[in-house]
């Protein structure tokens, strides 16, 4: 885990045990805590997202669809496990819909992110 604070604007983040650097694609607040949907800067949508806590702990790994209702419920399970003294592990979440449609949505999001970065000068 990193000591660097995570925000919606975070880029270049390193996730322990994962290749390359990551940026925040989305954020969700569950029970007063923030959780971040991370996308690989190096591989984009070629690899799944990862949801991490504010402290950098993997909560959902892999995550194929973003921060929908199902993922928020997985985050609640994670928080409940922590409260009860259990060591929570990154929840394995299957994407909703078939894998092909999920990947198509992820590719479309990647195009939007790349265009935004190009327009704002944040693209490497």
Quiz item: In the stretch 26-44, which residues are within 20 Å of residue 108 (Cβ to Cβ) and surrounded by 19 or more Cβ atoms within 10 Å (Cβ to Cβ)?
Solution: 37, 38, 39, 40
Quiz item: Which fully enclosed strands (runs of 3 or more DSSP E) of the stretch 1-104 have 3 or more residues being within 23 Å of residue 117 (Cβ to Cβ) and at pLDDT 95 or above?
Solution: 21-30, 33-40, 49-53
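The values are calculated or read from the model by the stated rules, or taken from the named source; none is laboratory data. It should be emphasised that the depicted structure is a prediction, and the values quoted were computed from it without experimental measurement. Using ideal geometry, Cβ is built from the backbone for each residue, glycine included, and neighbour counts are taken over all protein chains shown.
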